[in-house]
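**Student:** Below is the structure I would like to discuss, written out as structure tokens.
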Amino acid sequence: MAKREISVIDYAVRQEEHGVSFYTKAAEKFRGTELAGLFMKLAKEEAKHLRELMDIQAAALRKGVEECFRDVEVDAYLDAVIREGLLPGGDQAAQHLDQVKTVEDACRIAMQAEKNAVLLYTELAKRSKDKGQKKILEAMIREEKAHMAKIAGMRADIDPLYAAERFGKLC
């Protein structure tokens with residue numbers, strides 16, 4: 001039973017690894033644009049999240065999962081978030097980016113991944129018993145939301161129709 005919750009943390013660790021890979025490759029693909037700078041910044045922030053999740057994982061293994069999480073079962077909602085995935089990793093990231101033809105495509109993929117990260121970390125924070133871990137997860141949620149805002153702002157700067165749709169006016 002406890003193994004399932006650790007597997008959720010394992011999954012979150014892998015997804016942050018994928019995020020670092022995806023954003024790094026996206027920055028390379030859009031080299032010379034403002035978007036490249038944003039993607040490199042996001043890659044660095046995802047690397048920070050990766051370290052934080054690895055610390056949570058180590059503590060859960062050291063203390064025992066039941067001491068860290070209220071509910072060790074993976075319910076249907078959390079399972080759906082996990083199955084939806086965040087970002088493609090490794091070779092899949094490169095293959096996925098090969099299919100990305102526009103900045104809008106890259107922003108759309110990144111936005112969906114950040115939304116799913118918010119859902120996953122919100123669920124983990126709700127289940128966390130450990131106040132320190134909960135605080136880290138809540139900070140990660142705020143950072144993922146900030147990533148969404150940065151991506152939306154960058155896309156609005158590049159795509160006037162998106163700006164009009166999103167903000168009700170042309171920027």
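**Student:** Cβ-Cβ under 6 Å, sequence separation 6+ or interchain: first residue in the range 42-63 and farther than 17 Å from Lys131 by Cβ, partner aromatic (Phe, Trp, Tyr) and assigned to a helix (DSSP H, G or I). Which pairs?
**Tutor:** Every condition considered, the pairs that remain are Leu42/Tyr23; Ala43/Tyr23.
**Student:** Filtering the range 95-152 down to residues that are among the hydroxyl-bearing types (Ser, Thr, Tyr) and not in a helix (DSSP H, G or I), which residue is nearest to Ala47 (Cα to Cα)?
**Tutor:** Filtering first and then ranking leaves Ser128.
**Student:** Could you grab me the full set of residues in the range 122-144 that are of a type outside the set (Lys, Arg), crowded, with 16+ Cβ neighbours inside 10 Å and modelled with pLDDT under 90?
**Tutor:** Glu123, Leu124, Ala125, Ser128, Asp130, Gln133, listed by residue number.
**Student:** Continuing with this model, one more query. So, Ile82, is that one crowded, with 17+ Cβ neighbours inside 10 Å, β-branched (Val, Ile, Thr) and modelled with pLDDT under 85 or not?
**Tutor:** Spelling it out, Ile82 is indeed crowded, with 17+ Cβ neighbours inside 10 Å, β-branched (Val, Ile, Thr) and modelled with pLDDT under 85.
The values are calculated or read from the model by the stated rules, or taken from the named source; none is laboratory data. These numbers come from a predicted model, not from an experiment. Reconstructed Cβ throughout: ideal geometry from the backbone, glycine too, with neighbour counts over all protein chains shown.
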